[in-house]
Amino acid sequence: MKPTIANYLGLGDTHLGCKEHERQALLKIKQDLIDDYGYLSSWVTDQDCCKWSGVRCSKQTGHVIMLNLNASTPLRPLQGKLNTSFIELKYLIFLDVSFNDFNHSQIPEFIGSLSNLRHLDLCDANYGRNIPFQLGNLSNLQYLSLGRNHFSNPKNIEWLPQLSSLQYLNMSSVNLSKVNNWLHVVNKLPYLTSLFLIPCLIPDAFSRINSLAHLYLDSNEFEGEIPKAFGGMCNLKTLSLLGNYFSKQLHDFIHNLNGCANHSLEVLFLDQDQIMGSLPDLTTFPSLRELSLFQNHLSGTIPVSLGKMSNLMSLSLYDNPLECVIEAHFLELTKLKHLILSSTLLVFNFSSDWVPPFQLKMIGLGSCQLGPQFPKWLQTQKNFSWLDISNSKISDTLSNSNWIFSSPFWFMNLSYNKISGHVPNLSWEFSFFPIIDLSSNKLEGEIPRFLFQAVQLDLSKNMFSNQVQSLCAVTKGNLNFLDLSNNQLLGDLPDCWFNFEGLKILNSANNHFHGKTPSSVGSLLGIETLDLSNNGFNGELPPSLKNCTKLKFINLQDNNLSREIPMWFRSNHPNLIVLFLRSNHFFGCIPSYICYLTQLQIVDLVVNQILGRREHKYQSIVGLVKSIDLSSNKLLGTIPREILKLDGLISLNLSRNLLTGRIPLEIGNRFCYEIPSSISNINFLNLLDLSNNNLSSKILVGPQLNTFNATAYEGNPNLCGFPLPKKCFGEEITLNSTVNGGHASMQDKEDGFITLGFYVCAALGFYLNYVWKRCA
């Protein structure tokens, strides 16, 4: 189906050494690539280039014939550009630069001069602009993948028929809606057997391409039913139509494939197609090896006849409301390797002595009913690398499940069960970076070192205890997500974060960590979320944290941190959205630079010792703030005039401070006679707390404000008016004497503390008064 390098030329270790001019060309190629992750670290001048990573040479001639620069993971791409020195690699047969990031640049035209190329993979490399017609010069090409890039819609593909040897063509995400003769062009490729397209056209046209064996028409906008002509494609082995809008009964869909195609078909992918109905008898497709119908609307039961499909190797019915008891459904599936039935309503009820005739590599049974014990039949599976039994009502102990850790894996999800016991302390060294989720169980004891070799690790909501020093035994970690929250971990937070430079999310909240925040946290240059809340950290924030310029979310609340809020937040954290520092011992004033954090939306500094007095005005450029909580501090002074700067504010709490005074008269003048239309920009304010200050004047209700009760204002002895029981001097009994048709009275103008503008804006001004201030 997919040609490999072995199809093109037998390769072996060469003892001839690479050609000097080709070595120099490769070094120039390296210079134009940004290699943050060291893929090309073996490319050094004093070594044989035929032994460099990703480079293969001809056994007979020593010429470079293969160059594989495929990023090992899409999260860690090469960047930059391809150097014209590629022209020196005249004998190149295989070139793969997929899953890199070339920043929407155009595919270099010089690739069309590599006339010996047989395999060219540019898939998912973030190329853009136009597809160069020079690719048509690659007449020896057998494999071409241009899928999942960002090309402009081509108007013609007349260069394509020149690739007369082409067997495999991937142009997924290339919109061919402007190419009127695409079928005629593709039909000129006599050896084409595998085709990936998003043509936005009627699908029955493909049935006229007689050579097709593998047809991929994913993520189109096809509707209705699959054309009956597909059933007559006698060479068809693979049909993939996932991500369309068929919205038909599966029975009718399958009926239209009857013909010679039902005897040849081996792979059928109909995922995310909005298909309805029950699962029909599929024994009329005797050659079927892979069947995938995940995320549709299939209901009812799984027919027992499914167990008679002896060639079936992969079955995926994930996320369908199927409901039945599984007993005799898999008895004859001797070749089954992948079983993905997660997010269904299936109940497994195999006899305790049943031994399956298969060994699974992928097991997906999340949200099925397997428990309360680990099923005996599942414990016979020793070769899996992918396991999801999350939320499956298991309340067993890990001591009864050594099979789970019987071999290395690349994905494991046991979350949302009641599994207890200790994770075994294994000495594995993974050759890959697994994803591990053991959250929401009752696991206890120490965290073993091998878990920290994961790329994503979630151990939250367990009973892990003791220190986490095993983290420091991992010398080159690949974690980008680590959640240790809601456990019983204690001691110092390990100070070896320089070993995890790729970490983006770190959450160790709700544990018993104490001591100083380790300075090596500043080595996490890519971190975006840092949550150390509800621990016992003390002292100041480490200055090294200013290196973490990509931080968006900081939560350090409920610790014992002290000192002043550091000055380096302004210039070093321009992307900050959420800042939680409540319930610490920060003192001094709120730095004025907070108003320059243009992405900031939530500020919470409750229960600290922050004080300050307004001496200077600061022009706000904070337009996104939605929640501010400065309660239980020592803020004092008068209300400022900069009160309508925060258009998106939803929640404001300034209670339990030392605020005094009234709204400035100018503010009352602005809102005395008419509520301005700009107020509509902040009409989502649903929490206001000005209690326990020393504010004075009259309160007025308004369209948004009548939802606030007396608790929002209590503890201010000089406030009066509804909703407080204390009436103001000369106040009329009815609200109509104060508010009439959206207009306030002259008495309101004089009192100043009375308009919708005050409720929403003056309250915000309190915040601006003390955020954009200098210490007295």
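The values are calculated or read from the model by the stated rules, or taken from the named source; none is laboratory data. Given the structure is predicted, the values throughout are model-derived calculations rather than measurements. Counting neighbours? That spans all protein chains shown, and the Cβs are built from the backbone with ideal geometry, glycine included.
Is it the case, given these coordinates, that Leu288 is within 27 Å of Ser352 (Cβ to Cβ) and assigned to a loop (DSSP other than H, G, I, E, B)?
Criteria not met by Leu288.
Restricting to region 377-393, count the residues that are within 16 Å of Val347 (Cβ to Cβ) and of a type in the set (D, E, K, R).
Final tally of qualifying residues: 1.
Quick one: count up the residues across region 155-184 that are at pLDDT 80 or above, farther than 22 Å from Val97 by Cα and either touching a strand residue (DSSP E or B) at 6+ places or on another chain (Cβ under 8 Å) or part of a helix (DSSP H, G or I) (or both).
Residues meeting the conditions: 2.
Could you check region 30-53 and list, in sequence order, the residues that are of a type in the set (A, V, I, L, M) and either over 29 Å from the mean Cα position of the chain (by Cα) or surrounded by fewer than 19 Cβ atoms within 10 Å (Cβ to Cβ) (or both)?
Answer for region 30-53, where residues must be of a type in the set (A, V, I, L, M) and either over 29 Å from the mean Cα position of the chain (by Cα) or surrounded by fewer than 19 Cβ atoms within 10 Å (Cβ to Cβ) (or both): Ile34, Val44.
Looking only at strands (runs of 3 or more DSSP E) that fall completely inside region 303-403, which ones have 2 or more residues that are within 25 Å of Leu459 (Cβ to Cβ) and not assigned by TED's automatic domain parsing to the domain that holds Ser439?
Here the list reads 362-364, 386-388.
Among the residues of region 194-206, write down those that are at pLDDT 75 or above and farther than 14 Å from Ser240 by Cα.
Within region 194-206, just Ile202 meets the criteria.
Regarding region 440-448, can at least one residue be identified that is loosely packed, with under 15 Cβ neighbours inside 10 Å, among the β-branched types (Val, Ile, Thr) and in a loop (DSSP other than H, G, I, E, B)?
no
Consider region 404-417. How many of its residues are in a loop (DSSP other than H, G, I, E, B), out of contact with any Pro (no Cβ under 8 Å at 6 or more places or on another chain) and not hydroxyl-bearing (Ser, Thr, Tyr)?
2
Could you look through region 378-425, keep only residues that are of a type in the set (Phe, Trp, Tyr) and under 20 Å from Phe450 (Cβ atoms), and pick out the one that is surrounded by the most Cβ atoms within 10 Å (Cβ to Cβ)?
Checking each candidate, the answer is Phe384.
Conditions (1) out of contact with any helix residue (DSSP H, G or I) (no Cβ under 9 Å at 6 or more places or on another chain); (2) at pLDDT 95 or above; (3) not in a strand (DSSP E or B), marked per residue:
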{"site": "Ser460", "(1), (2), (3)": "yes, yes, yes"}
{"site": "Ser470", "(1), (2), (3)": "no, no, yes"}
{"site": "Leu479", "(1), (2), (3)": "no, no, yes"}
{"site": "Leu489", "(1), (2), (3)": "yes, yes, no"}
{"site": "Pro494", "(1), (2), (3)": "no, no, yes"}
{"site": "Leu506", "(1), (2), (3)": "no, yes, no"}
{"site": "Leu525", "(1), (2), (3)": "no, no, yes"}
{"site": "Asn534", "(1), (2), (3)": "yes, yes, yes"}
{"site": "Thr549", "(1), (2), (3)": "no, no, yes"}
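Would you pick out the residues in region 279-313 that are β-branched (Val, Ile, Thr) and over 17 Å from Cys324 (Cβ atoms)?
Selection gives Thr283, Thr284.
If you check Leu336, Leu331, Leu270, Leu317, which single one turns out to be surrounded by 21 or more Cβ atoms within 10 Å (Cβ to Cβ) and either within 24 Å of Ser352 (Cβ to Cβ) or of a type in the set (S, T, N, Q) (or both)?
Exactly one of Leu336, Leu331, Leu270, Leu317 is surrounded by 21 or more Cβ atoms within 10 Å (Cβ to Cβ) and either within 24 Å of Ser352 (Cβ to Cβ) or of a type in the set (S, T, N, Q) (or both), namely Leu336.
Filter region 295-342 for residues that are of a type in the set (Ser, Thr, Tyr) and touching a strand residue (DSSP E or B) at 6+ places or on another chain (Cβ under 9 Å) and give the result.
Within region 295-342, Ser299, Thr301, Ser314, Ser316, Tyr318, Ser342 qualify.
When you scan region 579-594, how many residues do you find that are modelled with pLDDT of 80 or more, hydrophobic (A, V, I, L, M, F, W, C) and over 18 Å from Leu551 (Cα atoms)?
Qualifying residue count for the region: 2.
Kindly evaluate His119 against the criterion of being surrounded by fewer than 17 Cβ atoms within 10 Å (Cβ to Cβ) and touching a residue at least 40 places away in the same chain (Cβ under 8 Å).
It is false that His119 is surrounded by fewer than 17 Cβ atoms within 10 Å (Cβ to Cβ) and touching a residue at least 40 places away in the same chain (Cβ under 8 Å).
Give the residues of region 557-587 that are outside any loop (DSSP other than H, G, I, E, B), surrounded by 15 or more Cβ atoms within 10 Å (Cβ to Cβ) and small (Gly, Ala, Ser), sorted by residue number.
Within region 557-587, just Ser562 meets the criteria.
Take Leu279 and decide whether it is in a loop (DSSP other than H, G, I, E, B) and among the aliphatic types (A, V, I, L, M).
Answer is yes for this residue.
If Pro227 meets every condition in (1) over 17 Å from Leu298 (Cα atoms); (2) crowded, with 18+ Cβ neighbours inside 10 Å; (3) without any contact (Cβ under 8 Å) to a residue 60 or more places away in the chain apart from one, which number is that one?
Status for Pro227: all satisfied but (2).
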